[in-house]
1. Cβ contacts < 8 Å: first residue without any contact (Cβ under 8 Å) to a residue 24 or more places away in the chain and open to solvent by 10 Å² or more (accessible area, probe 1.4 Å), restricted to region 1-30; second residue part of a helix (DSSP H, G or I) and not acidic (Asp, Glu), any location; separation 6+ or different chain. Result?
2. Restricted to region 151-189, and to residues that are open to solvent by 10 Å² or more (accessible area, probe 1.4 Å) and hydroxyl-bearing (Ser, Thr, Tyr), which residue is farthest from ligand 2 (Cβ to nearest atom)?
3. Restrict the check to region 132-139 and report whether at least one residue is among the small types (Gly, Ala, Ser), open to solvent by less than 10 Å² (accessible area, probe 1.4 Å) and in contact (Cβ under 8 Å) with a residue 60 or more places away in the chain.
4. Looking at 93, 108, can you tell me which residue is assigned to a loop (DSSP other than H, G, I, E, B), away from ligand 2 (no atom under 16 Å from the Cβ) and open to solvent by 10 Å² or more (accessible area, probe 1.4 Å)?
5. So residue 6 fits all but one of (1) within 29 Å of residue 315 (Cβ to Cβ); (2) under 16 Å from the mean Cα position of the chain (by Cα); (3) of a type in the set (A, V, I, L, M, F, W, C); (4) assigned to a loop (DSSP other than H, G, I, E, B); what number is the exception?
6. Could you go through region 278-291 and let me know if any residue there is closer than 19 Å to residue 198 by Cα and open to solvent by 20 Å² or more (accessible area, probe 1.4 Å).
7. What are the residues in region 274-318 that are farther than 28 Å from residue 261 by Cα and among the polar types (S, T, N, Q), if any?
8. Would you mind stating whether residue 32 is within 30 Å of residue 1 (Cα to Cα), part of a loop (DSSP other than H, G, I, E, B) and more than 15 Å from ligand 1 (Cβ to nearest atom)?
Amino acid sequence: MKKKLIIDLDTGVDDAQAIMVALAAPNVEVLGITCCFGNTPLENVLKNTLRVLKVCNRLDIPVYCGCSEPLLARKRHAGDYHGKDGLGDVPDPDAPGLELLQKKKAAPAMIKIVNQNPGEVRLVATAPLTNLAVAVQLDPSFPKKLNALYIMGGNTESRGNTTACGEFNFVADPEAAYIVLDRYTCPTYIAPWEFSCRNSLPWSFCDHWLSQNTEKAAFMKKIASLSMKKARSADYQKEITAGQGFNSCDTYAMAAAIDDALITESEEVAVTVELEGTNTRGMMVLDYIEQLKKKHKAFIMKNIDLERFKQMFMNSLK
Ligand code: RIB
Ligand code: CA
């Protein structure tokens with residue numbers, strides 16, 4: 001049975017990797033891609049998404065324009081890691097034009113696609129959750145019609161990559177993350193920051209992955225070079241990821257959505273997002289003692305089958 005996906009993203013480098021892993025998987029049908037501000041301003045996200053689809057010869061996939069601002073928070077981007085343009089700041093004179101975008105906006109498009117495929121769509125969210133928050137405001141029954149929700153975001157040990165205690169997607173729009181974790185009661189799987197760091201890819205594998213003699217590999221090598229240089233720096237390894245390899249955060253959530261055997265260990269716990277804390281705003285809160293009396297629990301990913309994950313990466317650039 002094909003897995004039907006909607007991907008909500010803020011194409012940056014790891015979002016691009018996640019798209020390419022999905023498009024290379026034999027059992028996946030991408031029904032639509034919805035764009036949100038995040039790593040870079042929305043206009044770049046739209047252009048970057050089309051650039052990735054072009055190199056994959058998949059410009060047939062509809063791309064929708066979503067939110068350009070968070071619900072309440074001050075807007076922030078991640079240009080120092082992904083590049084100002086979100087894809088490594090490499091010139092792309094042949095980039096597709098924005099005339100290829102759908103006229104319909106992201107949230108109504110998500111709702112329409114899910115209404116046409118009730119109970120079948122897996123929503124993969126690798127950006128700030130603003131579009132998803134808008135969707136559930138427009139149609140409170142939307143989450144119930146999803147097969148599942150896969151999120152890259154949040155944290156489990158209060159480690160931050162953007163603020164001291166905050167992971168970028170949740171910190172960029174804490175109110176949206178709060179709404180989604182509160183109102184999306186479909187099966188929810190979360191790939192948090194620390195999990196992605198602990199399951200990073202060895203640099204030797206990355207060199208092998210990018211050395212494939214294909215157009216996709218050449219494209220990925222170009223757009224990933226800035227962020228890989230940053231990620232390989234000793235400071236970044238020590239201070240941010242505390243890991244030893246490359247951390248393609250979004251691809252963990254995507255891989256989990258397309259391969260049910262990928263996640264080898266997870267824990268089921270009620271979660272929410274801190275909105276008030278001076279240092280903790282945007283931090284994910286795990287309610288092990290069930291103080292919040294939340295009926296809905298999320299599956300928090302803890303470990304993956306790294307060899308399967310590596311194979312998906314290799315296939316994505318063939
Ligand atoms: O914290 C990592 C997340 O923030 C990833 O989704 C990355 O693309 C950035 O959006
Ligand atoms: Ca992202």
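The values are calculated or read from the model by the stated rules, or taken from the named source; none is laboratory data. Owing to the predicted nature of the structure, the values given are computational and were not obtained by experimental measurement. FYI the Cβ positions are ideal-geometry reconstructions off the backbone, even for glycines, and counts take in every protein chain you see. Just so you know, the surface numbers come from the protein's heavy atoms only, side chains and all, with ligands and any DNA or RNA stripped out. Shrake-Rupley method; radii C 1.70, N 1.55, O 1.52, S 1.80 Å.
1. Correct list of pairs: empty, since none qualify.
2. Here the answer is 185.
3. Yes, region 132-139 has at least one match.
4. Answer to the check: 93.
5. It is condition (4) that residue 6 fails.
6. yes
7. 278, 279, 280, 291 - these are the residues of region 274-318 that are farther than 28 Å from residue 261 by Cα and among the polar types (S, T, N, Q).
8. no
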